[in-house]
Amino acid sequence: MGMILMVLFVRRAELEWFLNEVSGRRLLYGRRKTGKTFYARRALKDYQYFIVRRGGEFYDPRTDESFNLTALLRVCRGGGALIVDEFHRAPSRFFDALHAGECGSDIVLITSTLHYFRKFVEGPQAPLAGLFSTFNVGLISPSDLLRHDWGNEA
């Protein structure tokens, strides 16, 4: 007997605005399971997506390939638009490269670890302070739920 899987997609107006209208480098942060990765990949289809593995390798799930930092920086220097998920796992040289401007402005970083977010963007020792526009992705808001067209779910 087959199982029916229903996927519910609720538009998040503020997050959509941030990803599509804010220019420059962007950073999404917030607790797990709030849709950061899902929404970024859906809204930014032309961006190449990487997730940083625990060892610091950059993994492209589309091609099932892993890249070291040098290879990823070649993509950056080539002008590619990137999403880097779990960026806090990246080697420290990645943050030096971002600070030095080796990656263009079409980069979106994602983390679900608030401690690391603060470490990287707040305070005098933060390597990314002032380099990214940030957005805290929280739970779906009541206003987003009210705007959702519940009659077209099936």
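No lab work stands behind these numbers, since they all come straight from the coordinates. Remember, predicted model here, so these are calculated numbers, not experimental data. As a convention, Cβ positions derive from the backbone with ideal geometry for all residues, glycine included, and neighbour counts pool all protein chains shown.
Rounded to the nearest 500, what is the chain's calculated 222 nm mean residue ellipticity when only DSSP H runs of at least 4 contribute -39500 (n - 2.57) each, over all residues? Each step should come with its number before you reach the end.
Numbers: 6 runs with 48 residues, N = 154.
Mean residue ellipticity, 222 nm, calculated: -8500 deg cm²/dmol.
Which lysines have a Cα less than 21 Å from the Cα of residue 119, not counting those fewer than 8 places away in the same chain?
Partners within reach: 36.
If amide hydrogens are placed 1.01 Å from N in the peptide plane, which non-local residues have theirs closer than 5 Å to the one on residue 48?
It is 81, 82, 83, by chain and number.
Which whole-Hz ³J(HN,Hα) couplings does the range 138-145 yield from phi under the Karplus relation 6.51 cos²θ - 1.76 cosθ + 1.60, θ = phi - 60°, glycine and proline marked x?
Ordered by residue, 3J(HN,Hα) equals x, 5, 4, 7, x, 5, 5, 5 Hz.
Considering the range 15-154, what Rg and Dmax in Å follow from its alpha-carbon atoms?
So, for the range 15-154, Rg and Dmax equal 15.6, 51 Å respectively.
Of 66, 38, 22, which is farthest along the charge dipole of the range 22-149 in the positive direction, counting Lys and Arg as +1 and Asp and Glu as -1 at C-beta?
38
For residue 138, what charge total do you get from the other residues with a beta carbon under 14 Å from its beta carbon, if Lys and Arg give +1 and Asp and Glu give -1?
Values: positive: 12, 31, 32, 33, 36; negative: 14, 144.
Overall, the nearby charge balance is +3.
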